[in-house]
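Okay, structure first, notes after.
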Amino acid sequence: MIFRCHIFRRPAIRPCAALLAFAALLTVPLALVRAEPIVMTDLEGRTVTLEKPAERVAAIPIPMASILIAMGQGTKSLAGMNRIAKTAMLEGILGKIFPETADIRADIAGQNFMPNVEALAAARPDLVIQWGGRGDDIVKPLTNAGLNTMLILYGTEDYARRYITLAATAIGKPERAAANIAWRRSVEAEIGAKVRAIPPAQKPRVLHLSRAMTAMAASGRGSYEDASITLAGGENVAAALNDVMPVNRERIAAWDPEVIFLNGFEEELTPEFIYKDPILSQTAAARTKRVYKYPLGGYRWDPPNQESPLTWMWLANLLHPKVFAFDLRGEIRMRFRELYAYELKDTEIDGILRLPIHASAAGYDALRSR
Amino acid sequence: MKITPMKIALNRAGMRFGSRWIFRGLDLAVEHGATLAILGPNGRGKTTALHAILGFLPLTEGERTAPNRLGYVPQLLTIPAPHALREMVVMGRCARVGLFGQPSPEDYRAADAAIERVGIRHLAGEPFARLSGGERQMGLIARALATGSDVLVLDEPASALDLGNQGRLLYLLNDLRQAREMTILFTTHDPNHALAAADDALLMMKNEAALSGPVDTIMSEANLTRLYGVAMRQFAIPDQQGQAMPVIVPMHARHSGEKR
Amino acid sequence: MALADALVAAGSRQSRRVATTTLLVAFLVAASLVGLGVGQFPIAPSRVIAILGQAITDPAAPLAVDARILLLVRLPRLVLAILAGAGLAICGGALQCVFRNPLVAPQILGISPGAAFGGALAIFLGISGVGLLGLSFACGLGALVLVGWIARIDGRTETVTVLLGGLVVGSLFSALVSLIQFVADPNGSLPAIVYWLMGSFASATWEQAGLAAPGLVTGSSVLLALRFRLNILSLDENEARSLGAHPERERWLVFGLVAIVVASSVAVSGIIGWVGLIIPHISRLIVGPDQRVALPVTALIGASFLVVTDTIARTATTAEIPLGVLTAIVGAPIFALLLRRHFREREA
């Protein structure tokens, strides 16, 4: 397979080789270290080998594109991404920070992460990152085409840390993953410690609606949103559900959540949707104006990504305003500097936190002050 | 206002399916109150002619004269309706009931009268599908009568019946004929049926114009032999009252004997 | 004496029909009350009665949460389940008559796939409400016209060609639905389309009930009014014509009414299959083939069936089970049994 891989990459190698030789002259000791092949074990337990750090990575999993941008502090190594990832970038701040994302190809996968092998071949990737655990059908086309493939798994913080590390290692920046994970650990520990001191009775009942506009669905046990909410000291009312399940308004009324989080995916979804609903407007959350829509930073804050600790801080501030008072705006500014080498303007932070639609939201004033 | 009884007629009528003419230049006329039997071998277009008279199929050429509604008694080939006989007969009232209506007690009275007329009152509540062939044929006639039309068009009403039921059917048809209130047309394979229940007969000849006229003159041995391609003989035999009754008999298996 | 026997037999049949109908109405009322009384949000039976009483005597009073759930969630949902259940079952019964074929249902004729395509297209384009209803009606009717065009050869429509035409058109529209799913945004309209296609009353509101009710009620009532004519249309075409019916024309009237009912139901609840196929069978087993009795009974059973399955769909688990999935799980085995029975009878 490695042999076939060579054939596949041959046209790309020649111009790059000259560049590499030049780079090697400049940093001889480092180049010597880099000469070692990179051997990784992906989340499906497969061995993935790169002779040198990948220069062109195709990321089929949606959050992976922005992770690669964050780990590489730029779009250089991103050779292709999921169409939905591109939509999120153009809709959010990442497209503004890196305008060139508009030109990165987003045709490498179709519905349900089915690889588009022709488009992938045209993208000339050194490495393709794909979801594991979703069956062989979406993997076989890649391996059959001789593409160097790395599989990752979705859902937990542990998986996220492992694939952030893998992604950073693959592009030769393992230290950036280490820093990200250290940050995750410290924020997790800080919030966890304070939440442990909160008696269960004081933990608000929380609902995360992963879909709302047409058919409603709640995030239950096993979802990343459940883990984040639990970490930040919320009691997920949908904990009895396995992962994301459809629910009706009556069920929500019976749960009577004190806080409702709306997913960051549905573009037209705002807290008004809850306030206007004859049933949902009667929940404790609606009556106390504690309905919030997930922010959109470098990526949507619902699934695990490079900015997850910011999500946790946001959640903790909103769920326990007396316990937590993270300077979220400051944190966001600092982390964007670190992740994307970008200096955010105040209005851009307003956009990430979706201030306009949270005009009446309780507890959002703290996020408003500049 | 009473509608003037109308005669039924085809004038120089022709029917073509694709490129094949089933019949051409067919003339036919039945006065009100008369009964016409249509005879002819298989494939000569008896049923097609009947359907043309009924208006099921538009004529390819020629003219048709008929009232709007005719009582139709189909062949016993169609899948029997699963309804009770009385419900089946009341369907004859369809045109009067209207698109969105339900049959009224008056409609049921008409249906019951028709059932009574054909003499199967005792079967009124039975499911139609469970009746014998003869009983079904009577039921279908009752339904045609219940329509209130003064025309009765029957498609081979006797062909699926045993001799006893054939007798009952012909008795009923003759009875209706003699009342002279209805115009009746039926097709049949048996010239004796025409003799028993019809005033006139129409012979659908091969490669020549159809012949028609009163049954006792038109159904000559020569005409019938030409019609069927089998030697036909006519006799007169005494009936139960000792009166002369004409019978027509095919000379089956005789012509082959000559060849031997 | 024979006549007397027949009259007694008819009389007992009459009384049996009255008893059957009474029983079915009672069951529907009971199922509806149970459906109103149970749900994820606990409301005591006494409270249910109090809320309903207050809604009638003092409709302007402000509503408590349980009253809102009863009157704004469960009641419109119940109304929709009754209307759609009755309507879809009537459509199946009417189509089975017109085609003289007991295995026909709106789905088989391409109407449902057509309406589903219209609805999916509407969701994809961000159209809701009347627009969605109109689009699914137009596409349902369009599918039907297409089937009619395919099936009409030499000015005659054969049952077999209609069924085959329905198969072809149904497959075409199913493929178009897949195409829409393929191009739909997985974060936006796609999950909505997928869930909607599975069929559910979960998002039922009075607004939706108001949207679907006119079509459901009009289509169903006109079909019910046609029930004697449906008996006649179930006869051989020439027989029907000789009795004064206009089979060709009236068949299209039935098709149009079916399209109105199916599209109205599809617009608010997606595709709820099997109701139109199995309920008319069950009804014929109970009261026989005369549509004057069978069609109203079909309506009653269809309404009860959806009320019961919808109650299960929203109460069996914490999460909402898509109704279309439930009706298929219940409907498919029943249909298999009916199919075996049908062919065994034909053998006999």
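Just round it to a whole percent: the fraction of Cα-Cα distances in the protein assembly as shown exceeding 40 Å.
Cα-Cα pairs of the protein assembly as shown separated by over 40 Å account for 58 percent.
So which GluC sites (Glu not before Pro) in region B:183-260 pass both tests, a DSSP loop state and at most 14 other Cβ atoms within 10 Å of the Cβ?
Passing sites in region B:183-260 are B:Glu208.
Calculate one ³J(HN,Hα) per residue across region B:18-24 by plugging θ = phi - 60° into the Karplus curve 6.51 cos²θ - 1.76 cosθ + 1.60, and present them in order as whole Hz with x for glycine and proline.
x, 9, 9, 7, 7, 8, 9
If the only charges are +1 at each Lys and Arg Cβ and -1 at each Asp and Glu Cβ, what is the size of the charge dipole of the protein assembly as shown around the Cα centre, to the nearest 20 debye?
The calculated dipole for the protein assembly as shown is roughly 720 debye.
Lys/Arg Cβ at +1, Asp/Glu Cβ at -1, dipole of region A:198-367 taken about the Cα centre: which of A:Ala201, A:Ala218, A:Leu296 is farthest positive-ward?
My answer, from the dipole projection, is A:Ala201.
Contact order normalised by length for region A:198-367, with contacts defined as Cα pairs under 8 Å and 6 or more residues apart; what percent is it?
Value for region A:198-367: 20 percent.
Would you please classify the overall shape of region A:35-172 from the alpha carbon gyration tensor, given that a ≥ b ≥ c denote the square roots of the eigenvalues, rounded means a/c under 1.5, and beyond that prolate means a/b larger than b/c while oblate covers the rest?
Rounded, since a/c falls under 1.5.
Over 21 Å between Cα atoms: which of A:Lys76/A:Lys173; A:Lys276/A:Lys322; A:Lys52/A:Lys173 fall into that group?
Those over the limit are A:Lys276/A:Lys322.
Determine, for each peptide in B:185-198, A:200-213, the mean count of other beta carbons within 10 angstrom over its residues, then list the peptides with the highest first.
Peptide ranking by packing, descending: B:185-198, A:200-213.
Which residues of region C:274-321 show a drop of at least 10 Å² in accessible area when all protein chains are present, compared with their chain alone (probe radius 1.4 Å, heavy atoms only, ligands and nucleic acids excluded)?
Listed by number, the residues meeting the 10 Å² cut-off are C:Pro289, C:Asp290, C:Arg292, C:Arg314, C:Thr318, C:Ala319, C:Glu320.
When only C-alpha pairs under 8 Å and at least 6 residues apart count, what is the relative contact order of chain B, in percent?
22
From the phi angles alone, apply the Karplus equation (6.51, -1.76, 1.60; θ = phi - 60°) to region A:274-283 and give each ³J(HN,Hα) in whole Hz, x where the residue is Gly or Pro.
My calculation for region A:274-283 gives 6, 5, 8, 6, x, 8, 5, 5, 8, 5 Hz in order.
Rg to Rh for chain A: what is it, with Cα atoms only and Rh by Kirkwood?
With Rg and the Kirkwood Rh in hand, the quotient comes to 1.00.
Would you work out the relative contact order for region B:1-107, in percent, from Cα pairs under 8 angstrom that are 6 or more residues apart?
Result for region B:1-107 is 26 percent.
List every residue whose amide H lies under 5 Å from the amide H of B:Leu154, counting only residues 5 or more places away in sequence or on a different chain, with H placed 1.01 Å from N in the peptide plane.
Those qualifying (amide H under 5 Å, at least 5 residues apart or on another chain) are B:Val73, B:Leu185, B:Phe186, B:Thr187.
With every protein chain present, what is the per residue accessible area of region B:73-148 (1.4 Å probe, Å²)?
39
Considering the options A:Gly363, A:Asn242, A:Phe273, tell which one lies farthest towards the positive end of the dipole of region A:237-370, charges being +1 on Lys and Arg and -1 on Asp and Glu at the Cβ, about the Cα centre.
Towards the positive end, the residue furthest out is A:Gly363.
Step by step: find N for region A:198-367, compute 2.2 N^0.38 Å, then divide the Cα radius of gyration by it. What's the final number?
0.98
Please state the charge dipole magnitude for chain C, taken about the Cα centre, from unit charges on C-beta atoms (+1 on K and R, -1 on D and E), reported in debye and rounded to the nearest 20.
540
What average count of beta carbons from other chains do you get within 10 Å of the Cβ of residues in C:232-242?
Mean partner-chain Cβ count within 10 Å for C:232-242: 6.
When the solvent-accessible surface of protein heavy atoms is calculated with a 1.4 angstrom probe, in what order do C:Val145, C:Val308 fall, highest first?
The most accessible residue leads, giving C:Val145, C:Val308.
Can you give the mean number of other chain Cβ atoms that lie within 10 Å of the Cβ atoms in peptide B:120-128?
Average neighbour count from other chains, rounded to a whole number: 4.
Please give the average number of partner chain Cβ atoms lying within 10 Å of the Cβ of each residue in B:86-96, rounded to a whole number.
5
HN-Hα J couplings of region C:219-233 from phi, Karplus 6.51/-1.76/1.60, θ = phi - 60°, integer Hz, Gly and Pro as x?
Per-residue couplings from phi come out as x, 5, 5, 5, 4, 5, 5, 7, 4, 5, 5, 5, 3, 6, 5 Hz.
Per residue, how much accessible area does region B:149-260 have with a 1.4 Å probe, in Å²?
It amounts to 54 Å² per residue over region B:149-260.
Return the long-range amide H neighbours of B:Arg16 (sequence gap of 5 or more, or a different chain), with a cut-off of under 5 Å between placed amide H atoms.
B:Ile22, B:Thr60
Amide H to amide H under 5 Å from B:Arg233: which residues, 5+ apart in sequence or cross-chain, H placed 1.01 Å off N in plane?
B:Val249, B:Met251
Send over a whole-number figure in Å² for the accessible area per residue of region A:198-367, probe 1.4 Å.
33
Give me the percent of DSSP beta bridges within chain A that run antiparallel, rounded to the nearest 5.
Of the beta bridges lying entirely in chain A, close to 35 percent run antiparallel.
Total Å² of accessible surface buried at the C-A contact, 1.4 Å probe, nearest 100?
It comes to approximately 2400 Å² buried between C and A.
Treating only the Cβ of Lys, Arg, Asp and Glu as charged (+1, +1, -1, -1), what charge dipole size does region A:35-172 show about its Cα centre? Round to the nearest 20 debye.
160
Please say if region A:158-214 is rounded, prolate or oblate, where rounded means a/c under 1.5 for a ≥ b ≥ c the square roots of the C-alpha gyration tensor eigenvalues, and otherwise the choice is prolate for a/b larger than b/c and oblate otherwise?
Since a/c reaches 1.5 but b/c is at least a/b, the shape of region A:158-214 is classed as oblate.
Of the heavy-atom accessible surface of the protein assembly as shown (probe 1.4 angstrom), what whole percent is carbon and sulfur?
About 60 percent, which is the carbon plus sulfur part of the accessible surface.
DSSP H helices in chain A with Cα extent of 18 Å or more along the helix axis and mean Kyte-Doolittle hydropathy at least 0.5?
Flagged H segments are A:2-26.
Which value in nm describes the separation of the simple spin-label points at B:Glu116 and B:Ala29, placed 7 Å from the Cα toward the beta carbon?
3.8
Take A:Arg337, C:Arg340 and sort them by solvent-accessible surface of the protein heavy atoms, 1.4 Å probe, largest at the top.
My answer, sorted largest first, is C:Arg340, A:Arg337.
Could you state how much accessible area is buried at the C-B interface, both sides summed, with a 1.4 Å probe, in Å² to the nearest 100?
Using a 1.4 Å probe, the pair buries roughly 2500 Å².
Taking every DSSP beta bridge that has both residues in region A:35-172, what percent is antiparallel when rounded to the nearest 5?
35
Over the protein assembly as shown, what is the percentage of antiparallel beta bridges among all DSSP beta bridges, to the nearest 5?
Around 50 percent of the beta bridges assigned by DSSP in the protein assembly as shown are antiparallel ones.
Pick out, from A:Gly133, A:Ala177, A:Tyr159, the residue whose Cα sits farthest towards the positive end of the charge dipole of region A:133-197, with +1 on the Cβ of Lys and Arg and -1 on the Cβ of Asp and Glu.
Result: A:Ala177, furthest along the dipole toward the positive end.
Please work out the ratio of the alpha-carbon Rg of region C:89-159 to 2.2 N^0.38 Å and round it to two decimals.
1.25
Using only helices, what value at 222 nm comes out for the protein assembly as shown when you add -39,500 (n - 2.57) per DSSP H run of length 4 or more and divide by the total residues, to the nearest 500 deg cm²/dmol?
Here the helix-only value at 222 nm equals -16500 deg cm²/dmol.
What are the GluC sites (Glu not before Pro) within region A:273-347 that DSSP puts in a loop, where the Cβ has at most 15 other Cβ atoms within 10 Å?
Answer in residue order: A:Glu343.
In the P(r) worked out for chain C, what percent of Cα pairs fall beyond 31 Å?
The share of Cα pairs beyond 31 Å in chain C comes to 35 percent.
Report the percentage of all Cα-Cα pairs in chain B whose separation exceeds 29 Å, rounded to a whole percent.
More than 29 Å apart: 34 percent of the Cα pairs in chain B.
The values are calculated or read from the model by the stated rules, or taken from the named source; none is laboratory data. Nothing here was measured: the structure is a model prediction, and the numbers come from that model. Positions of Cβ are generated from backbone atoms using ideal geometry, with glycine treated the same way; all protein chains shown enter the neighbour counts. Heads up: the accessible areas ignore ligands, DNA and RNA and are worked out on the full protein's heavy atoms, side chains in. Shrake-Rupley method; radii C 1.70, N 1.55, O 1.52, S 1.80 Å.
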